[in-house]
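The values are calculated or read from the model by the stated rules, or taken from the named source; none is laboratory data. Bear in mind the structure is a predicted one, so any value in this text is a computation, not a measurement. Every residue, glycine as well, gets a Cβ built from its backbone with ideal geometry; the counts of neighbours run over all protein chains shown.
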Amino acid sequence: MDIPITLGCYKCGSGDILILSKLKTSIVTCNSCHANLGKWGDIEASALRELTKIVKENLNDEFVG
Ligand SMILES: [Zn+2]
């Protein structure tokens, strides 16, 4: 199953983001447009939420189909 989650810049769409450290309070920036993308902890949490949603949807599809 493909996991269609890419951590990237919401402004320019680049996947080239700079994660200085994986501390929850560490600020993540975009390498292309230098946008401030927020704290790593927040980005990680929303990525995990998305991922959980997608996995559940895929499981439902497989059980229905
Ligand atoms: Zn960007």
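Annotations
- Check on residue 14, away from the ligand (no atom under 16 Å from the Cβ) and modelled with pLDDT of 90 or more: no
- Any hit, the stretch 32-40, residues being of a type outside the set (A, V, I, L, M), surrounded by 10 or more Cβ atoms within 10 Å (Cβ to Cβ), at pLDDT 90 or above and part of a helix (DSSP H, G or I): yes
- The stretch 23-40: number of residues that are more than 19 Å from residue 50 (Cα to Cα) and either more than 8 Å from the ligand (Cβ to nearest atom) or touching a Pro at 6+ places or on another chain (Cβ under 6 Å) (or both): 6
- Any hit, the stretch 1-9, residues being in contact with a Ser or Thr (Cβ under 9 Å, 6 or more places away or on another chain), modelled with pLDDT of 90 or more and within 10 Å of the ligand (Cβ to nearest atom): yes
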